[in-house]
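Enquirer: Before I ask anything, let me first share the structure, which is written out below as structure tokens.
The values are calculated or read from the model by the stated rules, or taken from the named source; none is laboratory data. Everything numeric in this text was worked out from a predicted model, so none of it was measured. Counting neighbours? That spans all protein chains shown, and the Cβs are built from the backbone with ideal geometry, glycine included.
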């Protein structure tokens, strides 16, 4: 059921570890990186609630959620192939702008696939199995992200693929080939889920649910999305604060880790964005991102048991504290290999971020509204990324003197705030139990 998420996260990991590097290879300044990255949360802000609403209303030969998986996977795979080759299309427009356009297409397509996967787990599992279900999904996400993050380094250091840039090939071959592999894996795993999963019909889901939705509440498009937004459960509003600070931190990590490590640990000048040493730093970012995703995959297996021994809120709070410590520790390390320790903390937080908020949220949502509310919940993921995207780059340039490492320190502090905020969330399922 969740295998397709492995492919989605494979593509997402390639994006997270390499997009800043690709854009800087094409000439982007560190101040502008977060602006280019705005393409991702903006498309998610628009796409996910609409996809959630229409997936709730869809039922056909492929089921309810699966048509959206398939459509999103096709376009995401195309964008993965095109993005590192943006320079080929740069006739009148700088390639970094074309690359940002492909980033928008890629992220919009990934969002079309991603949100229905969240809803599918809630559709198919009863309340008492949802923590386990989202934890399994986190394991598969972690597996895909481990390989996706580390693939450029693996191709360069194990298979000998060229990892150097040149005026003719501003993006190194190891990065380009990694995106090709990602496209194949993404479409292949999505097809597995589409072809191998049988969904419950809307009538069956309605019969399972204790939260009945009146039948006259029907398909009225965007107006219904706004109505549902106004009626969102209290638990969702409370989780919104937690999500804001969690995803503000994650966005900083994805955007600024490559320049932070290149300049703070490899001691490169901030103007160096294409040397062999800079590409070496970029490859190492892929490795440490592989570590945090690997830790997340392992830690996700323990989440159901830990939540049963304590509570979902306590587990999430402790996990976020580990993530904050991992982010801040990157400032103090001067040896690149020590960053592996930092990523252990980040991986613990990442596993919990991918599972616990959704497990808490699902218990407060009527089954017939699962898709739309999972989509609306995405507002609380993309809004902090938009805020960070607008102000993060100028802050690095003007307040931090282009030293991106300080953006990661702020990210650590943000995770500490999220760890406090989770204690004020009402977990309906746990109260009921």
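Enquirer: Would you please name the residue that is surrounded by the fewest Cβ atoms within 10 Å (Cβ to Cβ), looking only at residues in region 128-161 that are over 17 Å from the mean Cα position of the chain (by Cα) and at pLDDT below 90?
Expert: Step by step, filter region 128-161, then rank; the result is 128.
Enquirer: Would you mind finding the one in 387, 321 that is surrounded by fewer than 24 Cβ atoms within 10 Å (Cβ to Cβ), closer than 19 Å to residue 307 by Cα and in contact with a helix residue (DSSP H, G or I) (Cβ under 8 Å, 6 or more places away or on another chain)?
Expert: 321
Enquirer: Test residue 113 against the criterion of being crowded, with 23+ Cβ neighbours inside 10 Å, within 19 Å of the chain's Cα centre (by Cα) and more than 17 Å from residue 37 (Cβ to Cβ), and give yes or no.
Expert: Yes.
Enquirer: In region 303-318, how many are in a helix (DSSP H, G or I) and surrounded by fewer than 16 Cβ atoms within 10 Å (Cβ to Cβ)?
Expert: Residues in region 303-318 being in a helix (DSSP H, G or I) and surrounded by fewer than 16 Cβ atoms within 10 Å (Cβ to Cβ): 4 in total.
Enquirer: What are the residues in region 393-402 that are modelled with pLDDT of 90 or more and surrounded by 19 or more Cβ atoms within 10 Å (Cβ to Cβ), if any?
Expert: Scanning region 393-402 gives a single hit, 396.
Enquirer: So which helices (runs of 4 or more DSSP H) are wholly in region 1-69 and hold at least 1 residues that are in contact with a strand residue (DSSP E or B) (Cβ under 6 Å, 6 or more places away or on another chain)?
Expert: none
Enquirer: Separate question: On the given criteria, is residue 268 without any contact (Cβ under 8 Å) to a residue 40 or more places away in the chain and either under 29 Å from residue 356 (Cα atoms) or buried (at least 24 other Cβ atoms within 10 Å of the Cβ) (or both)?
Expert: no
Enquirer: Considering only region 97-110, state which residues are buried (at least 24 other Cβ atoms within 10 Å of the Cβ) and under 15 Å from the mean Cα position of the chain (by Cα).
Expert: Once the filter is applied, which keeps residues that are buried (at least 24 other Cβ atoms within 10 Å of the Cβ) and under 15 Å from the mean Cα position of the chain (by Cα), region 97-110 yields 106, 107, 109, 110.
Enquirer: Here is a further query. Determine which single condition residue 257 fails, assuming it passes every other condition in (1) touching a helix residue (DSSP H, G or I) at 6+ places or on another chain (Cβ under 9 Å); (2) surrounded by fewer than 24 Cβ atoms within 10 Å (Cβ to Cβ).
Expert: Exception for residue 257: condition (2).
Enquirer: Here is a check on your reading of the model: is residue 36 in contact (Cβ under 8 Å) with a residue 40 or more places away in the chain and either touching a helix residue (DSSP H, G or I) at 6+ places or on another chain (Cβ under 9 Å) or farther than 16 Å from residue 251 by Cα (or both)?
Expert: yes
Enquirer: Which one of the conditions (1) part of a helix (DSSP H, G or I); (2) farther than 27 Å from residue 39 by Cβ does residue 160 fail to meet, given that it meets all the rest?
Expert: (1)
Enquirer: Moving on to the next point. It is to be established whether one or more residues within region 335-346 are over 27 Å from residue 133 (Cα atoms), in a loop (DSSP other than H, G, I, E, B) and either in contact (Cβ under 8 Å) with a residue 12 or more places away in the chain or touching a helix residue (DSSP H, G or I) at 6+ places or on another chain (Cβ under 6 Å) (or both).
Expert: Taking every residue of region 335-346 in turn, at least one turns out to be over 27 Å from residue 133 (Cα atoms), in a loop (DSSP other than H, G, I, E, B) and either in contact (Cβ under 8 Å) with a residue 12 or more places away in the chain or touching a helix residue (DSSP H, G or I) at 6+ places or on another chain (Cβ under 6 Å) (or both).
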